[in-house]
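Here's the structure we're looking at; comments come further down.
The values are calculated or read from the model by the stated rules, or taken from the named source; none is laboratory data. Worth saying up front: this structure is predicted, and the values here are computed from it rather than measured. Reconstructed Cβ throughout: ideal geometry from the backbone, glycine too, with neighbour counts over all protein chains shown. Each accessible area value is taken on the protein alone, full model and side chains, heavy atoms only, with ligands, DNA and RNA left out. Shrake-Rupley method; radii C 1.70, N 1.55, O 1.52, S 1.80 Å.
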Amino acid sequence: MPQLQVPLVTLSIENGMRTGDSPYVRTAGCDQIGAAGVHSFFAILEPLSPHPETPDLAPLILERLEQELATRQKVTATAAISASVEAVNAELYEYNEQRQHDERLYYGLTCGLTRDDDLYLAQVLPSQILISQDGVLHTFPGLESWHWSRQESPESSLEQPLGLHSELECDLYHTRIEPGDLIVLCSGSLARVIQREPQDAFVQSDAQAAISHLQELTEAYNVDNAASVAIAVPELPKTSRYKRDLAVLRNIAAAAASFLPEETAQRLRRNDVRNGEGVDAQAKFRQTDYQQAQTVDATVLWPDTIHAEERAPTAGDYASSYVADHHRDRDDENYEYWDPRRGVSDEDEFDSHYSDVDDRDREGKRTLTEIVAGAVLALVAAVIGVWQLAVNRDRSMDGPREDESTFGLPRLQRYDNSIQGPDFTGVRRRLPRAPINKYAGFVSVGLVFALAAGLIYSISSSRDRERTEEFETLMEQAVVARQSALQSSDPVVAQSFLQASEARLDEAAALGVNDELILTEQAAMVEARDTSLGIERLGNIQVLGGIPSAPEGVSPNLFFGNGQLYVFTDALYQLDPEQSRLMRLISAGDEIDGHTVGELQGAAWGYGSPMAMDGANVYTYDSTTTSWTRHELGLFGDPYSDISAISGYIGNLYLLSPQSGQLLRYHGDQFDALPEDWTSGAAADELAHGVDVMIDGRIYVLTENGQVLDFYRGALDNTVEISATPEIEDAVAFSYQSGRSHLYVADANDRILRVATNGQVVQQFMSDFDAPQIRNIQGIAIDDALGSGYVLTDNALLQVRLPGPPRD
């Protein structure tokens, strides 16, 4: 036997325990939501004020909102729901104005009103609603908006809840609901955790499953307070043919009545209600307070088109206790602010009684006289409506306009209350009229097309001419700036002219007028840059082969030793120059002296042989026996993991640690002893930006901004500023041979700079456009005497030939 589907299920969590009804949720008439002739209401409040009166005031606000909707059932649904929300907000704002700032109460709101299968939504953020239609889940707002903290005060937030300002503009949506749709309203505490788990439970048309899933989320994520309601649109019951015929007649009559003037339609409906009094003495939903003298039950207040028999308990039951506990110092006027009966006259109350409930109770019991009378009334109404349209053709049709921003919801329409344009119907009617025939029609259409084509051509030609003129001006400016750069002897000034020329060239290229001329000028720009900045293009570049990449956090490097090149990336390799291949010497996972080598942090040339370090041990190589020896390092705590560069000198090991701003030294015969802070804490700020280190009796540290720190006997003896144009902003490696007059620096701009020992840039090298490209440099090793070197990129090892320095 299939399980019975429950159309409406609520969830209320207080202090981690599930309770009965939530004060922040209110529904009415939702059991048959979407059915013909059924009007429903549902709403949820999002409390934003941590005040003890917040849960007590919430039911009163919801009831007040429902009452406002009941008094506006004669207007369009969008006008009714927006005006009702604005009215409740104005009253809550007035209520807050009489309280201290820290005692004011604010709420987010999502409320819905259905009329037949039309659903109208009003939302005041922060609030959350989920709607499942056609197997797709739509959320308003998006669940990702709840990832950030919602603890800021309403005044500082971009959201404008109820009670914060005297006026607000809520978001309005319209959609048609169908059987199988699911509507879920939930508090912000649940909205913050919904996205962390699958949302399959909301796609199904099962309100109980959705609420069960939300309850599981409260238990899994320790949600102490939450409120939610799930409403499933049920399958519509099948009606008999006789009832369908009656429904068709009623629809025809209703459609025809829409052509009547507003006052006439209201008078007819009011007469129908008065004439129907006393027909069914058991219809409680037609009874009001002023009928108590007729021994009629008047316990049901404020009946309307929303199902009165399904209304939640009114706030009037506990309004007196709320005022007694929290507003003893208030006068009677403040208490009347939340009086459900305030501001409604007997006539308005009587007018709100007519509804479709009588039609549902009497459906199938119509007499032949009533059917004939309805048909006659429909015919008369249609005739009067046509006459009204003929006499008053330019009557404005009020109503919100549809906006195409549907946010992906299949049947959703968002309303835009923007200002309407003027109506020129009266002016058009006074214009002279010409006789229309087939020939005149063809001529008129031809003239219209000719005028349109001429206008389009004129506009297009004008725009093309303006674009061409702008292109020529930009190109002229680019050429002038490029020539100025060539004439300047100062590289800094030349760089400024080149940047200006490049900017004008980019703007001209965006116009798309002459791409061939753009390419020609770009080539001239490259030549001008090379000439002005002293850049020499390298064409003699040989790719020796691919290279494994270094692990994350490990700095690869190249170094010479005994005329051999060593490459350190994921392991330490030696280059065989005859066969142009790499020979692996040591890597992580090797067994040395019964110990497994960890992830290598760096390698350098030691005392006549290479050495490598894995953070806790240093390994020295014996070339005669081709074996490695392990030496345990003395550590202050955990193994090293923040070493940016290592170097060796006469058997000692030097480690550059930017994180601590230190240069640590291990003596070659006492690796197990604690290291020495070689600079004794001096120049810690400068060492924090170090990227590479070289030693030849003095210690040279390259920083990322292009400075070379010269240390001697533990003190910072000199700082060399490399004056390059463009300036070095991200240096990656450098190479220096003792006794030579030049050092070499590589940066992230894919260039190698030959620099004098005083910091003067002698030459800048970049790869030629026809040669293998030098990009993403990781390390360099340059033999200044031979004018050759090796470049390590992120995926290859390159050999380059450098031209000699200029004689001057």
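Within the range 675-756, which strands (runs of 3 or more DSSP E) (wholly inside it) include 2 or more residues that are in contact with a helix residue (DSSP H, G or I) (Cβ under 9 Å, 6 or more places away or on another chain) and under 23 Å from PHE559 (Cα atoms)?
699-703, 707-712
Let me confirm something: among ILE699, ILE643, which residue is open to solvent by less than 20 Å² (accessible area, probe 1.4 Å) and more than 26 Å from LEU786 (Cα to Cα)?
So the residue among ILE699, ILE643 that is open to solvent by less than 20 Å² (accessible area, probe 1.4 Å) and more than 26 Å from LEU786 (Cα to Cα) is ILE643.
Pairs please, first residue from the range 197-218 and touching a residue at least 60 places away in the same chain (Cβ under 8 Å), second anywhere and crowded, with 21+ Cβ neighbours inside 10 Å and assigned to a loop (DSSP other than H, G, I, E, B), Cβ atoms under 8 Å, 6+ apart in sequence or on different chains.
These pairs meet every condition: SER205/ASP181; SER205/VAL233.
Go through the range 721-749 and report how many residues are of a type in the set (Asp, Glu) and open to solvent by less than 10 Å² (accessible area, probe 1.4 Å).
1
Determine which member of the set ARG504, ARG463, ARG482, ARG467 is open to solvent by 90 Å² or more (accessible area, probe 1.4 Å) and in a helix (DSSP H, G or I).
ARG463
Name every residue in the range 40-61 that is in a helix (DSSP H, G or I) and in contact (Cβ under 8 Å) with a residue 60 or more places away in the chain, in order of residue number.
Residues satisfying the conditions are ASP56, LEU57, PRO59, LEU60, ILE61.
Residues being closer than 22 Å to LEU674 by Cβ and either surrounded by 13 or more Cβ atoms within 10 Å (Cβ to Cβ) or touching a residue at least 60 places away in the same chain (Cβ under 8 Å) (or both): count how many of those fall in the range 604-633.
Residues that pass the stated criteria total 17.
Would you mind telling me which numbered condition in (1) surrounded by 22 or more Cβ atoms within 10 Å (Cβ to Cβ); (2) closer than 17 Å to ALA191 by Cα; (3) at pLDDT 90 or above LEU162 fails?
LEU162 satisfies every listed condition except (2).
Residues in the range 17-26: is at least one open to solvent by 60 Å² or more (accessible area, probe 1.4 Å), outside any loop (DSSP other than H, G, I, E, B) and not hydroxyl-bearing (Ser, Thr, Tyr)?
Yes, the range 17-26 contains at least one residue that is open to solvent by 60 Å² or more (accessible area, probe 1.4 Å), outside any loop (DSSP other than H, G, I, E, B) and not hydroxyl-bearing (Ser, Thr, Tyr).
Among the residues of the range 565-581, is any open to solvent by 40 Å² or more (accessible area, probe 1.4 Å), at pLDDT 90 or above, in contact with a strand residue (DSSP E or B) (Cβ under 9 Å, 6 or more places away or on another chain) and under 23 Å from GLN737 (Cβ atoms)?
No: zero hits.
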